[in-house]
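Student: Sharing a structure, written as structure tokens. Questions coming.
The values are calculated or read from the model by the stated rules, or taken from the named source; none is laboratory data. Please read these numbers as outputs of a predicted model, since none were measured by experiment. All Cβ positions, even for glycine, are placed from backbone atoms using ideal geometry, and neighbour counts span all protein chains on display.
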Amino acid sequence: MTRRIGSRTRAAVVAASVVGFAWWTSLQAQSQQTPAGGSDEGGVHVEHVRGNIHMLASRGGNITVQVGHEGVLLVDTSTADAAPQVVAALRKISTAPIRYILNTHTHPDHVGGNAIVAKAAAPTPILPLNIVAHENVLNRLTASADRGQPLVPEEGMPVDEYFTPVKNLHFNDEAIVLYHEPKAHTDGDSVVLFRGSDVLSTGDIFTPGAYPFIDVDQGGTVQGEIAALTHILQLTVPAKNQEGGTYVVPGHGRICDSADVVEFRDMVVIVRDRIQDLMKKGMTLDQIKAAGVTRDYDTEYVTPTSFVKPDQFVASMYKSLGGK
């Protein structure tokens, strides 16, 4: 289901070209003025990543922003409550029309702001807004609406869903590739590679400084999580001494590189192996929790505001590995 553009008159095309040139001129000036450090706009932290890529960190999830002469593209939109502040912060980066929202999964801290951002985009037949996600995201959002518990209003639903392993876009003179990561954090996860900028947006598959939320009820599995993290490492290229290179924008937390993903992936693998070993010995979930299989990682991955506590992380792995 893809939103289609109606036939254009010659005058409309000429007008769009003139407007497009104005955007390009404005955005070129903005890109030259972008500060190297971050700033805070209305409670949203704005961080320049590289080139025309920025990260907006709100009280919801992180948002990756690409700006250029064709308009603005967002990866995720944070929560509904934070969306107005996100739009205000975004307009400090660019006043160009919002043309794309790419949703990495279904959780409300990443799709909750879709409708508010869509309204701010003010789409027209000439300048439509496309909301793109894997078909499992649309299916779950539709199911929640059918149950009378809509996660997003109709105007915030994906209109361009993909069901293949890869979806390619070309926007603002850059190839953008969405990869479906099956049965990882959820069953609808996408990671988004900005190929020219060498920036990767991971959604909640990767959350430095916090244990991952393996949402078993939405098709997440620990084996799929590890496979997705391994694929992320295949897409990233480190610079000298394993530092720098491809920048990674996580679902929550700071901008990272491949070395950070290696550390995170290895933690998940080690905890998985410990749980599997204790399960083979016939230990129950309560016994495995009491064994402290995450204790040596808790100082790094647990904070007072952590969404996933150690016992929840262990329980999701146990259930994912077939524990009763």
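Student: Would you mention how many residues in segment 280-304 are assigned to a loop (DSSP other than H, G, I, E, B), among the hydroxyl-bearing types (Ser, Thr, Tyr) and exposed (fewer than 12 other Cβ atoms within 10 Å of the Cβ)?
Tutor: Total meeting the criteria: 1.
Student: Next question, about the same structure. Kindly list the number of the only condition in (1) farther than 27 Å from PRO97 by Cβ; (2) assigned to a loop (DSSP other than H, G, I, E, B); (3) under 16 Å from the mean Cα position of the chain (by Cα) that fails for HIS180.
Tutor: Of the numbered conditions (1) farther than 27 Å from PRO97 by Cβ; (2) assigned to a loop (DSSP other than H, G, I, E, B); (3) under 16 Å from the mean Cα position of the chain (by Cα), the odd one out for HIS180 is (2).
Student: Return the residues of segment 119-129 that are touching a Leu at 6+ places or on another chain (Cβ under 9 Å) and at pLDDT 95 or above; say none if nothing qualifies. Spell out the reasoning first.
Tutor: Our first condition is that a residue be touching a Leu at 6+ places or on another chain (Cβ under 9 Å); within segment 119-129, this holds for 120-123.
Answer for segment 119-129, where residues must be touching a Leu at 6+ places or on another chain (Cβ under 9 Å) and at pLDDT 95 or above: there is none.
Student: Inside segment 84-117, can you point out the residues that are part of a helix (DSSP H, G or I), closer than 10 Å to ILE63 by Cβ and out of contact with any strand residue (DSSP E or B) (no Cβ under 8 Å at 6 or more places or on another chain)?
Tutor: At the first step, the residues of segment 84-117 found to be part of a helix (DSSP H, G or I) are 84-93, 108-111, 114-117.
Narrowing the set further to residues that are closer than 10 Å to ILE63 by Cβ leaves 86, 89-90, 110, 117.
Once the filter is applied, which keeps residues that are part of a helix (DSSP H, G or I), closer than 10 Å to ILE63 by Cβ and out of contact with any strand residue (DSSP E or B) (no Cβ under 8 Å at 6 or more places or on another chain), segment 84-117 yields only HIS110.
Student: Further question on the same structure: Can you tell me which residue is modelled with the lowest pLDDT among those in segment 49-61 that are in contact with a helix residue (DSSP H, G or I) (Cβ under 9 Å, 6 or more places away or on another chain) and closer than 17 Å to LYS92 by Cα?
Tutor: If we take residues in segment 49-61 being in contact with a helix residue (DSSP H, G or I) (Cβ under 9 Å, 6 or more places away or on another chain) and closer than 17 Å to LYS92 by Cα, then SER58 is modelled with the lowest pLDDT.
Student: Would you point out the residue of segment 52-69, among those that are touching a strand residue (DSSP E or B) at 6+ places or on another chain (Cβ under 8 Å) and part of a loop (DSSP other than H, G, I, E, B), that is surrounded by the fewest Cβ atoms within 10 Å (Cβ to Cβ)?
Tutor: SER58
Student: Just to be sure I understand, how many residues within segment 230-253 are in contact (Cβ under 8 Å) with a residue 40 or more places away in the chain and more than 19 Å from SER306 (Cα to Cα)?
Tutor: Adding up the residues that qualify gives 7.
Student: Then there's this: Which residue is surrounded by the fewest Cβ atoms within 10 Å (Cβ to Cβ), if the candidates are limited to segment 174-193 and must be touching a residue at least 40 places away in the same chain (Cβ under 8 Å) and β-branched (Val, Ile, Thr)? Spell out how you get there, then give the answer.
Tutor: If we filter segment 174-193 for residues that are touching a residue at least 40 places away in the same chain (Cβ under 8 Å), which is where we start, we get 174, 176, 178-193.
Then keep just the ones that are β-branched (Val, Ile, Thr); that gives 176, 186, 191-192.
Working: ILE176: 23, THR186: 29, VAL191: 25, VAL192: 25.
Residue satisfying both the conditions and the ranking: ILE176.
Student: Out of all the residues in segment 123-156, which are within 18 Å of LEU73 (Cβ to Cβ) and among the aliphatic types (A, V, I, L, M)?
Tutor: ILE126, LEU127, LEU129, ILE131, VAL132, ALA133, VAL137, listed by residue number.
Student: I need the full set of residues from segment 139-155 which are touching a residue at least 40 places away in the same chain (Cβ under 8 Å) and either assigned to a loop (DSSP other than H, G, I, E, B) or under 16 Å from the mean Cα position of the chain (by Cα) (or both), in order please.
Tutor: Result: LEU151, VAL152.
Student: Which condition number in (1) modelled with pLDDT under 95; (2) among the aliphatic types (A, V, I, L, M); (3) part of a strand (DSSP E or B) is the one that VAL72 fails?
Tutor: That leaves (1) as the condition not met.
Student: Checking GLN234 against (1) under 19 Å from the mean Cα position of the chain (by Cα); (2) among the polar types (S, T, N, Q); (3) over 27 Å from ASN52 (Cβ atoms), only one condition comes out false. Which one?
Tutor: Going through (1) under 19 Å from the mean Cα position of the chain (by Cα); (2) among the polar types (S, T, N, Q); (3) over 27 Å from ASN52 (Cβ atoms) one by one, GLN234 breaks only (3).
Student: Could you count how many residues in segment 150-173 are among the charged types (D, E, K, R), modelled with pLDDT of 95 or more and exposed (fewer than 14 other Cβ atoms within 10 Å of the Cβ)?
Tutor: The qualifying residues number 1.
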